[in-house]
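**Q** Starting off with a structure, shown below.
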Amino acid sequence: MKSKILVLLALGACAAVLFAAGGRVADRAPAWKAVGPPGGNLTALTVHPSVANTVLCGTYGGGIFRSTNGGGAWKAVGRSVVHPKIRCLATVPARPGTVYAGTDRGVYRSADGGATWAEANGTLLSQRTILSVAVHPKTPATVFAGSAGHGLYKSVNGGATWTWLNNDISYRDVWVLVIDPQRPKTMYACLADDGVLKSTNGGATWTSLDLPGFPYGFAIDPVDSRILYASCNGLWKSRDGGKTWGALTLPTSMVMALAHHPKKSGVLYVGTYSGGIYKSLDGGANWTAVNTGLTGREVRQLAVARSSPGTIFAGTLVDGVFRSRTGGAGWTVASKGLNAVDVKRLAFDGQTAGVFYAACSPGLYKATGGGASWTSGVWPNARVGEVRTVVVHPKNHLIVYATNSTIGVSRSQDGGKTWKDLGLSGMMIVGLTVDPVRPDRVYVPVYDQGIYRTLNGGKTWANVGLKTTKPVQVVFDPSVPGTIYAATQDGVWRGTAGGTAFSSAGLKGYNIYNLTIDAAGVLYAGSGGNGAYKSINHGASWTEINNGLPSCRYIDAFAVNPKNAQDLYAGVSDLGVYRSKDGGANWMSFGAGLCPGVMVFSLVFDPKDQATLYAGSAGAGVYKVQPGN
């Protein structure tokens, strides 16, 4: 898995070239529809300086979302322009409609409150990851951008051109950047694992303030800008511009978000790792939990409306955005249409159309009505933590398996209401497959350790091989009972005798991300960098099927239409979905409606509604479409 992560990082150059290019588009292709779940990996929240109901939310993978009714409904904006991996958002009080977005591909700018966007990279920033943006409070054309690994950049013309500031924080990760609104030459920068630094000359030189640790937030008192607050290994306060610091006592030490009332001194809000939100009215001396109605307790983002300070927005890891109109006294869910969850796998219950499970980075979800309704935290023990795989028993829809690297394998026998852990805890589990003929036999590929198998529904496990090939997936051959195939970082392997004897089935030396097999036993293999392959003779030989696919061919998912085996779908890294109507001989882009640049990790037809195809994406939730002919 580590190798795959490194390979995916290398996709940046491909994504930069192909982000807007795509490929030949299927004629009159139907559009995908986002169906949830609400929430996701929220990276930024900001409120329009003069319109409290206009809110922008940045996500990592799903782009920017905008609400004009206080979070009552969200709409994706800028998707044809802005890179989908958002790191930060910054409004400009002196020009209320101006917003900047820092992304994994530089800076973007909006002049109409986030409705439309344009690139603002000049010639320097298009290949930079921008972690933070700060705008001069009195000269709004002056903008600073903090980058990953390259320090600080400055623009004096609103992002048209940029200058690299070769100074004390060059080649550093600038996660948070704040300008003193009363003394604009004074700036504060929070660096990864290096704490907080201060500049008094507009970013030319910097001095450490001796607050080590990873910085999650920084705030300046609006009345007296010498009073500072920083969350670095706890929460700290300075009364003298950072010369000295004192620790503030909280019920929890893990502060993930920090916000100050825009007008009143000493009124603070902090979002915590597991305790929700706390509020202080006296500069941090005393704290009160303000969690009524806040069901999501891991709070990553906080934003207070400047024009209506009683209005606060909170971004949570699992349950999306919440809104308070009463200074935190009560909260309501405000996530409708905010679809940015990182989805790893989809699994249908096979009993009722539109009922399926989604294994996601923030936990396990269950959908009904084709995504019309969602339940989060279906597997409570893994509510906050990546669920990599979910599989439904082929003969009993109430039996569900799910995996997590900490817990291992767990099983529910009542449709997700209760769970029993089955072992393999602490292992890097990358998949799970249930024998369709003998469902008590379950196969689990574990990165760097081979394939584990149980013959008794999880009571005991045994390693059956492929320890050195790094397997990532197991599929059963429906045309040859007892035969399995494994996708590995060393090609495809065939297992006979119930998966106890393995031999190479071709593509040795290729990093195979996934395998799909149709009812007739035709195999499709998706690779990391070499595209798609097809075998019609159980792996004895393979044919490359890349005509029409992009040159950077990283295939993350396959699906075969159960009604037409010639109708294929492939998830291509950073480029959405492609379709072939001739068994892979030719491919066309099939991404209308998807978030541009999205990675699709799971493609599944609903077994009870075989006209509908679902896609699970990285950071943009679940989509569905009826492909037709």
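The values are calculated or read from the model by the stated rules, or taken from the named source; none is laboratory data. Quantities reported herein were computed from a predicted structural model and do not represent experimental measurements. Please note: Cβ atoms are built from the backbone with ideal geometry, for glycine as well, and neighbour counts cover all protein chains shown. Accessible surface areas use protein heavy atoms only, side chains included; no ligands, DNA or RNA. Shrake-Rupley method; radii C 1.70, N 1.55, O 1.52, S 1.80 Å.
**Q** Mind listing just one residue for me: the one in the range 537-569 that is in a loop (DSSP other than H, G, I, E, B) and out of contact with any Gly (no Cβ under 8 Å at 6 or more places or on another chain) and, of those, modelled with the lowest pLDDT?
**A** For the range 537-569, the residue satisfying everything is Ser551.
**Q** On to the next question. Which of the residues spanning the range 563-584 are within 18 Å of Leu523 (Cα to Cα), touching a residue at least 40 places away in the same chain (Cβ under 8 Å) and of a type in the set (Asp, Glu)?
**A** Result: Asp567, single match.
**Q** So the check is Cβ under 7 Å with 6+ separation or different chains; which pairs have a first residue in the range 459-474 that's within 17 Å of Tyr485 (Cβ to Cβ) and a second one that's modelled with pLDDT of 95 or more and aromatic (Phe, Trp, Tyr)?
**A** Leu466/Trp493; Thr469/Trp493; Val474/Tyr443
**Q** Would you point out the residue of the range 35-56, among those that are aliphatic (A, V, I, L, M) and crowded, with 21+ Cβ neighbours inside 10 Å, that is nearest to Gly370 (Cα to Cα)?
**A** Leu42
**Q** Still on this structure, please answer the following. Those residues that are part of a loop (DSSP other than H, G, I, E, B), surrounded by 21 or more Cβ atoms within 10 Å (Cβ to Cβ) and of a type outside the set (Gly, Ala, Ser), I need them from the range 328-354; list them, please.
**A** Of everything in the range 328-354, those that are part of a loop (DSSP other than H, G, I, E, B), surrounded by 21 or more Cβ atoms within 10 Å (Cβ to Cβ) and of a type outside the set (Gly, Ala, Ser) turn out to be Trp331, Leu338, Val341, Asp342, Asp349.
**Q** Restricting the search to the range 355-376, which residues are assigned to a loop (DSSP other than H, G, I, E, B) and open to solvent by 20 Å² or more (accessible area, probe 1.4 Å)?
**A** Listed by number, the residues that qualify are Ser361, Gly369, Ala372, Ser376.
**Q** Name the single residue that is modelled with the highest pLDDT among those in the range 57-99 being open to solvent by 50 Å² or more (accessible area, probe 1.4 Å) and among the hydroxyl-bearing types (Ser, Thr, Tyr).
**A** Step by step, filter the range 57-99, then rank; the result is Thr68.
**Q** Please identify the pairs in which a residue from the range 71-85 that is closer than 17 Å to Ala111 by Cα has its Cβ atom under 6 Å from the Cβ atom of a residue that is open to solvent by 50 Å² or more (accessible area, probe 1.4 Å) and in a strand (DSSP E or B), counting only partners at least 6 apart or on another chain.
**A** So the pair list comes out as Val77/Arg66.
**Q** Assess whether Arg323 counts as being within 23 Å of Asp606 (Cβ to Cβ), assigned to a strand (DSSP E or B), of a type outside the set (A, V, I, L, M, F, W, C) and in contact with a strand residue (DSSP E or B) (Cβ under 9 Å, 6 or more places away or on another chain).
**A** Considered against the rule, which asks whether it is within 23 Å of Asp606 (Cβ to Cβ), assigned to a strand (DSSP E or B), of a type outside the set (A, V, I, L, M, F, W, C) and in contact with a strand residue (DSSP E or B) (Cβ under 9 Å, 6 or more places away or on another chain), Arg323 comes out as no.
**Q** Now a separate question. Kindly indicate the residue of the range 23-34 that is of a type in the set (A, V, I, L, M, F, W, C) and part of a strand (DSSP E or B) and also surrounded by the fewest Cβ atoms within 10 Å (Cβ to Cβ) among those meeting that condition.
**A** Val25
**Q** Next question. Identify all residues within the range 476-494 that are over 12 Å from Ile451 (Cβ atoms), assigned to a strand (DSSP E or B) and open to solvent by less than 40 Å² (accessible area, probe 1.4 Å); write none if there are none.
**A** Selection gives Phe476, Gly491, Val492.
**Q** Give just the number: which of (1) part of a strand (DSSP E or B); (2) open to solvent by less than 30 Å² (accessible area, probe 1.4 Å); (3) not basic (Lys, Arg) does Leu125 not satisfy?
**A** (1)
**Q** Somewhere in the range 243-265, is a residue open to solvent by less than 10 Å² (accessible area, probe 1.4 Å), over 23 Å from Phe214 (Cα atoms) and part of a loop (DSSP other than H, G, I, E, B)?
**A** no
**Q** Being modelled with pLDDT of 95 or more, closer than 25 Å to Val81 by Cβ and surrounded by fewer than 24 Cβ atoms within 10 Å (Cβ to Cβ) is true for just one of Val625, Val577. Which residue is that?
**A** Residue meeting the stated conditions: Val625.
**Q** With (1) at pLDDT below 95; (2) surrounded by 17 or more Cβ atoms within 10 Å (Cβ to Cβ) as the list, and Phe313 as the residue in question, which single condition is left unmet?
**A** For Phe313, the exception is condition (1).
**Q** Name every residue in the range 586-622 that is open to solvent by 10 Å² or more (accessible area, probe 1.4 Å), more than 19 Å from the chain's Cα centre (by Cα) and closer than 18 Å to Thr389 by Cα, in order of residue number.
**A** Selection gives Val604, Phe605.
**Q** Take the range 465-479 and flag every residue that is small (Gly, Ala, Ser) and more than 14 Å from His538 (Cα to Cα).
**A** Across the range 465-479, the qualifying residue is only Gly465.
**Q** Mind counting the residues in the range 100-111 that are open to solvent by 10 Å² or more (accessible area, probe 1.4 Å) and either in contact with a Ser or Thr (Cβ under 9 Å, 6 or more places away or on another chain) or more than 27 Å from Lys138 (Cβ to Cβ) (or both)?
**A** Residues in the range 100-111 being open to solvent by 10 Å² or more (accessible area, probe 1.4 Å) and either in contact with a Ser or Thr (Cβ under 9 Å, 6 or more places away or on another chain) or more than 27 Å from Lys138 (Cβ to Cβ) (or both): 4 in total.
**Q** Would you check if Thr207 is open to solvent by 50 Å² or more (accessible area, probe 1.4 Å), hydroxyl-bearing (Ser, Thr, Tyr) and modelled with pLDDT of 95 or more?
**A** No: the conditions fail for Thr207.
**Q** Take the range 154-201 and flag every residue that is small (Gly, Ala, Ser), outside any strand (DSSP E or B) and either within 13 Å of Ile220 (Cα to Cα) or open to solvent by 30 Å² or more (accessible area, probe 1.4 Å) (or both).
**A** Answer for the range 154-201, where residues must be small (Gly, Ala, Ser), outside any strand (DSSP E or B) and either within 13 Å of Ile220 (Cα to Cα) or open to solvent by 30 Å² or more (accessible area, probe 1.4 Å) (or both): just Ala160.
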